[in-house]
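Novice: Input: one structure, supplied below.
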Amino acid sequence: MPSVDPYAELPLIDHVTWTEAIDGPRLLVFPSSAGRQTTFPNSDIRAWREVVAQSADADTPGMHDQFLCHWAWARLVQPTKSSWNLEPWRPAVGYQATVEARCNPGGPER
């Protein structure tokens, strides 16, 4: 593990955008290439700060858990997925239950 973050000067989140889906609002989070590649400790904290800086409405416990789930798992399972979808209408069930629901507590993504 490097002792200096090789991506320290690069954004981890390219951009975010709100859209409306069949179940309600959805925040599309587009990680940058640095965000897809970094494994540096606490990079998830920095990436979440970037999301919230771009959309303060995202700063809820449920959305944070969905983001962390995508950061930890979706990057590995679907590394080329263009965006990570966070939905404020999903229940805030805690991180572990969010992971068990494959980042989509309250039902599958539609």
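Coordinate-derived values only; no laboratory data. Owing to the predicted nature of the structure, the values given are computational and were not obtained by experimental measurement. As a convention, Cβ positions derive from the backbone with ideal geometry for all residues, glycine included, and neighbour counts pool all protein chains shown.
Novice: Taking a ≥ b ≥ c as the square roots of the Cα gyration tensor eigenvalues, with a/c under 1.5 meaning rounded and otherwise prolate when a/b beats b/c, else oblate, which class fits the chain?
Specialist: Because a/c hits 1.5 or more and a/b exceeds b/c, the chain counts as prolate.
Novice: Then there is this: Would you pull out the residues with amide H under 5 Å of HIS15's amide H, same chain only if 5 or more places away, H placed 1.01 Å from N?
Specialist: It is PHE30, by chain and number.
Novice: As a test of the formula, what do you get for the chain when each DSSP H run with n ≥ 4 contributes -39,500 (n - 2.57) and the sum is divided by the residue count, at 222 nm and rounded to the nearest 500 deg cm²/dmol?
Specialist: Helices in the chain give a 222 nm mean residue ellipticity of -8000 deg cm²/dmol.
Novice: Let me ask you something else. How do 70-82, 36-48 rank on mean C-beta neighbours within 10 Å, highest first?
Specialist: 36-48, 70-82
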